[in-house]
Amino acid sequence: MDDDDADYMQGSDEDYGFDYSDDGGSGDEEQSADVENMYYTAKSKKEDNPEQALKEFRAIVDKEEEKGDWGFKALKQSTKLLFLVLRRPADALRTYKELLTYTRSAVTRNYAEKTINSILDYVGGGKSGPVEVNILEQFYEATKAALAEAKNDRLSAKTNLKLAKLWLDRKEYGRLQKILSELYQATLGESGEDQAQKGTQLLEIYALEIQMHNERKNYKKLKEIYNASNAVRSAIPHPRILGVIKECGGKMWMGERQWNRASEDFFDSFKNYDEAGSPQRIQVLKYLVLANMLTGSEVNPFDSQETKPYKNDSQIKAMTDLVDAYQRREVHAAEKILRDNKATIMDDPFIRSYIGELLRSLRTQYLIDLIKPYTRLELTFLAKQLNVDSDEVEELLIGLILEGRIEGRIDQVAMRLELESKHSLQKKRYSALDKWSTALDSIHSTVIGKNHSGSRGDYGGYGMSDSFGLGPDRW
């Protein structure tokens with residue numbers, strides 16, 4: 001028994017509303033046995049002689065007087081042969097349309113759904129090489145028409161979601177938006193619809209749309225969908241769906257340079273992917289490490305219970321070493337790790353786009369530590385220590401001076417950094433305190449003068465007199 005037959009046996013336990021064929025003696029048992037033998041004989045020829053197998057499967061369909069399970073299985077095998085082996089998608093589409101007519105009465109609803117999902121998976125999976133877009137559309141349109149006739153709204157929604165995922169993977173964004181509109185319309189439903197089911201379907205749609213906006217770098221729309229997904233309360237989504245939404249949310253926060261919020265979303269995404277068993281958890285863990293370093297946090301992201309098991313993973317080891325180098329402010333070690341691990345770090349376009357920011361942050365910290373003992377340094381010396389050119393060093397120093405993280409000035413003629421001495425800094429502080437004190441004295445004198453000049457008229461207006469001790473002599 002192969003997977004097709006196993007699906008049939010497992011899928012026949014539940015009744016989802018289809019009419020069952022009556023096997024109770026109405027047909028000829030010998031004829032049934034003959035059809036069964038014909039089926040397995042044809043199946044044995046699939047690999048060695050697919051054309052002959054195809055003819056014998058057709059004979060089974062023609063032999064059945066009424067649509068039955070053997071004819072359904074023969075059409076299923078024919079569709080698979082035509083699409084995956086003989087590479088004739090147009091012919092496969094014809095047999096598939098014929099197969100769909102069997103789903104109303106010949107087989108159980110459960111088995112029919114599994115068969116449809118299986119066929120749509122390999123049709124859109126690219127196993128038979130590139131397939132024309134119009135052929136793909138016809139497969140899905142035929143499916144949707146059959147499901148609408150059978151009033152199977154649940155599978156119809158699943159089919160649309162599958163098609164939307166296919167268009168997303170193929171970057172067919174125009175077609176994707178059309179399907180998303182249909183899916184959103186379907187969620188409106190009736191007022192008595194199960195809210196948890198509606199919320200779950202909404203999150204699946206949001207997950208698809210948010211990926212589209214992320215790939216197109218439309219961060220305004222991405223943020224709208226992200227906020228809308230956070231507003232959904234009644235839902236029981238698959239953790240992979242939440243992983244997708246939080247991953248795109250983290251990338252959005254990274255684009256806004258909100259490293260802490262990005263780190264939080266990447267951590268949530270990682271936990272959901274981990275729960276779902278998705279391999280994407282490794283990539284998101286790298287994003288989490290990147291965001292954590294950009295926050296400047298001294299906390300090692302691999303100290304948490306959830307991430308610790310992955311610390312020594314072969315794909316994560318380079319990021320672990322990078323974190324160690326970052327926390328030790330070893331800029332040269334970090335640069336070497338990036339050079340030596342191009343496949344696991346630099347080949348990811350998202351990580352690569354922030355490596356410059358990360359190195360800038362690391363060089364800045366290294367620079368602050370480097371100049372502490374000195375009062376005057378040549379820019380060429382600093383450039384040599386950082387292994388960058390003098391212009392980049394000058395840019396880093398200007399940023400530090402403007403942010404007030406170092407006190408000094410750059411002599412651009414001599415190409416030298418001159419730091420304020422400790423004594424000079426103290427003098428500046430005392431000067432600032434003196435100015436502050438003088439300003440406070442001036443404000444105090446002004447307030448006293450105003451109260452003194454208005455004391456008679458103001459208090460007199462409230463029926464007070466000098467006998468209360470508020471006359472000018474009291475001042």
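Brief remarks on what is shown
- Any hit, the range 182-200, residues being surrounded by 14 or more Cβ atoms within 10 Å (Cβ to Cβ) and in contact with a Lys or Arg (Cβ under 6 Å, 6 or more places away or on another chain): yes
- Condition check for residue 220: in a helix (DSSP H, G or I), open to solvent by 30 Å² or more (accessible area, probe 1.4 Å) and at pLDDT 90 or above: yes
Quick grid of which residues meet (1) modelled with pLDDT of 80 or more; (2) open to solvent by 30 Å² or more (accessible area, probe 1.4 Å); (3) touching a His at 6+ places or on another chain (Cβ under 9 Å); (4) at positive phi:
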{"position": "12", "(1), (2), (3), (4)": "no, yes, no, no"}
{"position": "20", "(1), (2), (3), (4)": "no, yes, no, no"}
{"position": "28", "(1), (2), (3), (4)": "no, yes, no, no"}
{"position": "34", "(1), (2), (3), (4)": "yes, yes, no, no"}
{"position": "42", "(1), (2), (3), (4)": "yes, no, no, no"}
{"position": "47", "(1), (2), (3), (4)": "yes, yes, no, no"}
{"position": "69", "(1), (2), (3), (4)": "yes, yes, no, no"}
{"position": "85", "(1), (2), (3), (4)": "yes, yes, no, no"}
{"position": "103", "(1), (2), (3), (4)": "yes, no, no, no"}
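- All conditions but one from (1) open to solvent by 60 Å² or more (accessible area, probe 1.4 Å); (2) over 17 Å from residue 124 (Cα atoms); (3) among the aliphatic types (A, V, I, L, M) apply to residue 75; the one that does not is (1).
- Looking only at the range 158-181, and only at residues there that are over 20 Å from the mean Cα position of the chain (by Cα) and open to solvent by 20 Å² or more (accessible area, probe 1.4 Å), the one that is farthest from residue 93 (Cα to Cα): 181
- Here residue 347 meets the list (1) of a type outside the set (Ser, Thr, Tyr); (2) in contact with a strand residue (DSSP E or B) (Cβ under 8 Å, 6 or more places away or on another chain); (3) open to solvent by 80 Å² or more (accessible area, probe 1.4 Å) almost entirely, failing just condition (2).
- Given (1) surrounded by 15 or more Cβ atoms within 10 Å (Cβ to Cβ); (2) in contact (Cβ under 8 Å) with a residue 24 or more places away in the chain, index of the condition residue 91 fails: (2)
- Yes/no for residue 339 being open to solvent by 50 Å² or more (accessible area, probe 1.4 Å), free of Cβ contacts under 8 Å to residues at least 40 places away in the same chain and closer than 18 Å to residue 284 by Cβ: no
- Annotation: residue 289 fulfils all but one of (1) of a type outside the set (S, T, N, Q); (2) open to solvent by 30 Å² or more (accessible area, probe 1.4 Å); (3) in contact (Cβ under 8 Å) with a residue 12 or more places away in the chain; the unmet one is (2).
- For the range 49-67, taking the residues that are among the basic types (Lys, Arg) and modelled with pLDDT of 90 or more, the one that is surrounded by the fewest Cβ atoms within 10 Å (Cβ to Cβ) is identified as 55.
- The residue list 231, 235 contains one member that is crowded, with 17+ Cβ neighbours inside 10 Å, hydrophobic (A, V, I, L, M, F, W, C) and at pLDDT below 95, which is 235.
- Restricted to the range 86-162, the set of helices (runs of 4 or more DSSP H) holding at least 3 residues that are polar (S, T, N, Q) comprises 109-124, 133-150.
- Close pairs (7 angstrom Cβ cut-off, 6 or more residues apart or separate chains): farther than 21 Å from residue 69 by Cβ in the range 38-53, part of a loop (DSSP other than H, G, I, E, B) and open to solvent by less than 60 Å² (accessible area, probe 1.4 Å) anywhere: 50/86
- When residues of the range 288-340 are limited to those that are among the small types (Gly, Ala, Ser) and either in a helix (DSSP H, G or I) or touching a Leu at 6+ places or on another chain (Cβ under 7 Å) (or both), the one farthest from residue 256 (Cα to Cα): 333
- Every condition in (1) closer than 18 Å to residue 270 by Cα; (2) open to solvent by less than 10 Å² (accessible area, probe 1.4 Å); (3) of a type in the set (A, V, I, L, M); (4) without any contact (Cβ under 8 Å) to a residue 40 or more places away in the chain holds for residue 242 except the one numbered (2).
The values are calculated or read from the model by the stated rules, or taken from the named source; none is laboratory data. From a predicted model like this one, the values you see are computed outputs, not experimental measurements. With ideal geometry, Cβ positions are generated from the backbone for all residues, glycine too; neighbour counts draw on all protein chains shown. Just so you know, the surface numbers come from the protein's heavy atoms only, side chains and all, with ligands and any DNA or RNA stripped out. Shrake-Rupley method; radii C 1.70, N 1.55, O 1.52, S 1.80 Å.
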